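K.L.:
Just dropping this structure here.
Only the coordinates and a few stated rules stand behind these numbers; no lab work does. These figures come from a predicted structure and were not determined experimentally. Counting neighbours? That spans all protein chains shown, and the Cβs are built from the backbone with ideal geometry, glycine included.
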Amino acid sequence: MRLDLQFNGQTAVQVYDGTQGWKVRPFLNRRQVEPYTADEARIAAGEPDIDGLLIDSAAGARKSMSTVSSSWRARRPTSSSSL
């Protein structure tokens, strides 16, 4: 997982590979790569991954995509006036 956040012309980056994480936070004057703390790694490990949501080899990709699509359709506005 990678997260880029741009603010005031600076980009913060957080990266988690499934076991370890790293971050750069220039708007906090932290421009060097720092490892995640134990708490940050624990929290990141509990976050859902995009491929975990969309691809489930046991259930099959079509079923997973269908579930996501149905959920999206149920929440989307029905007309442009509701935007």
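K.L.:
Stretch residue 1-residue 25 to full length: gain in nm at 0.36 nm per residue minus the Cα-Cα span?
P.N.:
On the way: separation 24, 0.36 × 24 = 8.64 nm, distance 1.65 nm.
Additional length available on full extension: 7.0 nm.
K.L.:
Can you sort 30, 25 so the residue with the fewest Cβ neighbours within 10 Å comes first? Mind dumping the intermediate values first?
P.N.:
Numbers: 30 12, 25 16.
Ranking 30, 25 by Cβ neighbours within 10 Å, fewest first, gives 30, 25.
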